[in-house]
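The values are calculated or read from the model by the stated rules, or taken from the named source; none is laboratory data. These numbers come from a predicted model, not from an experiment. Positions of Cβ are backbone-derived with ideal geometry, glycine not excepted, and every protein chain shown enters the neighbour counts.
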């Protein structure tokens with residue numbers, strides 16, 4: 001095990017009359033080697049560049065092909081020719097303590113080519129080695145020891161413990177930041193933390209407010225059954241979820257209360273589990289590049305560095321007085337380096353595979369479901385607009401607070417809900433053109449005081465007569481004003497989908513309800529309110545707490561109880577059709 005500290009690079013400075021010694025030439029070599037290995041480590045990482053495949057020739061011998069590897073210190077390890085080795089002749093075989101061993105490859109230097117030393121000093125040898133040969137060494141070690149090395153991780157992955165007892169630990173792992181409108185992997189990892197021979201099963205329901213599962217739900221069923229692991233061994237289950245295009249930039253994964261079963265029996269958790277996940281608009285490649293690139297050199301090189309490369313795990317079968325090779329596993333052991341020289345062949349081979357759009361709950365599922373999305377009513381509706389002018393007679397002197405009304409104005413969009421806005425029109429003097437121009441001010445007219453003529457300070461309102469297809473405008477003066485007539489420009493807007501004369505077919509049969517209408521929570525405890533849809537497609541849902549101080553709820557439905565007891569109401573509604581709504585209730589008690 002080697003440490004990999006960072007030191008400033010130093011190179012020789014040559015000047016006229018400098019006396020060069022062997023130390024200077026050694027420094028020259030060290031500078032070139034260290035700089036190259038430094039770049040190897042940062043640019044390529046460690047692993048196999050090519051070759052180094054391991055095969056079993058018979059029960060006692062292995063065959064290792066020629067190849068190239070780079071270790072964590074950036075040193076190139078060249079296996080120049082294929083070799084055949086008896087397992088018992090490989091260093092480390094005598095010290096292994098288990099039937100699971102790992103074949104490793106290590107950089108090795110050897111001094112070669114002895115020559116006569118012309119100018120010996122003191123007790124130095126009569127002969128000195130003239131070259132240093134860079135080579136390699138194969139050795140064996142227990143698999144448990146080979147995997148027990150410190151690896152510095154970035155903050156890319158979020159990890160949290162779902163459940164733990166004296167024998168097993170269950171972890172949830174997924175990206176700490178996910179990308180909107182993309183798939184993300186959720187990993188359930190179970191690790192044996194004791195040597196006891198104990199079976200284990202785990203079941204639980206994970207609520208995913210901003211993610212859709214393969215079934216199009218917001219509940220992810222976690223299930224690992226009948227496991228019997230060795231000490232230190234792990235097993236993982238993978239789930240793929242789709243990140244919805246919601247307005248929130250942060251969401252949570254919540255373990256549903258009373259859903260956990262350990263070894264088939266319901267287990268009441270000691271504490272509530274909630275994992276916060278950030279949601280970003282960047283692409284997965286940009287996100288990964290950012291997370292990897294922001295790791296500092298100190299973090300890259302802190303701790304102990306594994307100075308060898310794992311080639312294969314070997315399962316041994318003990319017989320009377322000897323070990324024989326039972327199985328060799330390479331796929332899950334080897335780590336390969338993507339060499340730029342292989343990019344052309346890599347691209348050609350990748351053309352034979354489909355894209356990465358997969359989604360499945362559990363292992364082996366490659367089906368991409370038809371994700372439920374809300375109907376886009378705005379894109380399907382026909383926007384109708386109408387505009388015109390109206391006049392409100394004032395008749396001279398108007399008192400502050402006095403209200404004047406227009407006559408009934410037909411907007412021409414027919415009966416139904418229509419939005420109408422009015423803006424005051426007046427003639428403005430354009431000093432550049434030397435003429436008067438017509439302007440319209442919508443909203444607070446006082447903001448434009450001093451620009452040209454003085455605008456009367458007024459407040460306006462519009463009453464829309466939905467059944468008659470018309471409206472009436474009203475104006476009130478904020479101060480005493482001399483005015484005979486006020487002119488206004490009006491604009492009316494209507495959506496055809498909201499036309500009361502042409503209701504959508506079956507709309508009255510569509511309704512939603514909360515999956516759990518009433519929940520009991522502790523103060524500051526969180527809960528996700530899922531929604532069931534009846535006689536309608538799934539659509540975007542909005543949430544709001546009815547009572548001020550009744551807690552907080554995110555846009556994706558995660559409710560956090562207030563720091564007080566009480567019963568609090570939460571309104572749940574369809575974003576595109578707010579009249580389709582329901583209510584849920586949180587009973588908050590101090591624990």
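Mind listing whichever residues of region 545-578 are within 21 Å of residue 208 (Cβ to Cβ) and surrounded by fewer than 18 Cβ atoms within 10 Å (Cβ to Cβ)? Of everything in region 545-578, those that are within 21 Å of residue 208 (Cβ to Cβ) and surrounded by fewer than 18 Cβ atoms within 10 Å (Cβ to Cβ) turn out to be 552, 575. A single member of 278, 316 is touching a strand residue (DSSP E or B) at 6+ places or on another chain (Cβ under 6 Å), outside any loop (DSSP other than H, G, I, E, B), closer than 30 Å to residue 56 by Cα and touching a residue at least 40 places away in the same chain (Cβ under 8 Å), and it is 316. Is it the case that residue 332 is surrounded by fewer than 12 Cβ atoms within 10 Å (Cβ to Cβ), in contact (Cβ under 8 Å) with a residue 12 or more places away in the chain and in a loop (DSSP other than H, G, I, E, B)? Taking the combined requirement at face value, the residue satisfies it. Screening region 72-90 for residues that are in contact with a helix residue (DSSP H, G or I) (Cβ under 9 Å, 6 or more places away or on another chain) and outside any strand (DSSP E or B) and picking the one that is farthest from residue 35 (Cα to Cα) gives 88.
Of the strands (runs of 3 or more DSSP E) lying entirely inside region 460-529, those containing at least 1 residues that are touching a strand residue (DSSP E or B) at 6+ places or on another chain (Cβ under 6 Å), at pLDDT 80 or above and within 30 Å of residue 206 (Cβ to Cβ) span 511-514, 518-522, 526-528.
For the residues 169, 128, 151, 137, the requirement of being modelled with pLDDT under 90 and assigned to a strand (DSSP E or B) singles out 128. Counting only residues that are surrounded by 14 or more Cβ atoms within 10 Å (Cβ to Cβ) and closer than 21 Å to residue 440 by Cα, region 384-409 holds 7 of them. Is at least one residue of region 49-57 exposed (fewer than 13 other Cβ atoms within 10 Å of the Cβ), free of Cβ contacts under 8 Å to residues at least 60 places away in the same chain and in contact with a strand residue (DSSP E or B) (Cβ under 9 Å, 6 or more places away or on another chain)? Within region 49-57, one or more residues are exposed (fewer than 13 other Cβ atoms within 10 Å of the Cβ), free of Cβ contacts under 8 Å to residues at least 60 places away in the same chain and in contact with a strand residue (DSSP E or B) (Cβ under 9 Å, 6 or more places away or on another chain).
Per the listing 195, 158, the residue uniquely part of a strand (DSSP E or B) and surrounded by fewer than 20 Cβ atoms within 10 Å (Cβ to Cβ) is 158. Exactly one residue out of 347, 274 is within 28 Å of the chain's Cα centre (by Cα), closer than 30 Å to residue 555 by Cα and either exposed (fewer than 11 other Cβ atoms within 10 Å of the Cβ) or modelled with pLDDT of 80 or more (or both), and it is 274.
No other residue among 452, 414 is under 53 Å from the mean Cα position of the chain (by Cα), modelled with pLDDT under 75, in a loop (DSSP other than H, G, I, E, B) and at positive phi apart from 414. Scanning region 100-115 turns up no residue that is over 20 Å from residue 73 (Cα atoms), outside any strand (DSSP E or B) and touching a strand residue (DSSP E or B) at 6+ places or on another chain (Cβ under 7 Å).
Residues satisfying the criterion are absent from region 112-134 (criterion: closer than 30 Å to residue 292 by Cα and assigned by TED's automatic domain parsing to the domain that holds residue 325). Return yes or no: is residue 287 assigned to a helix (DSSP H, G or I), modelled with pLDDT of 80 or more and buried (at least 16 other Cβ atoms within 10 Å of the Cβ)? Judged against the criteria, residue 287 is a match.
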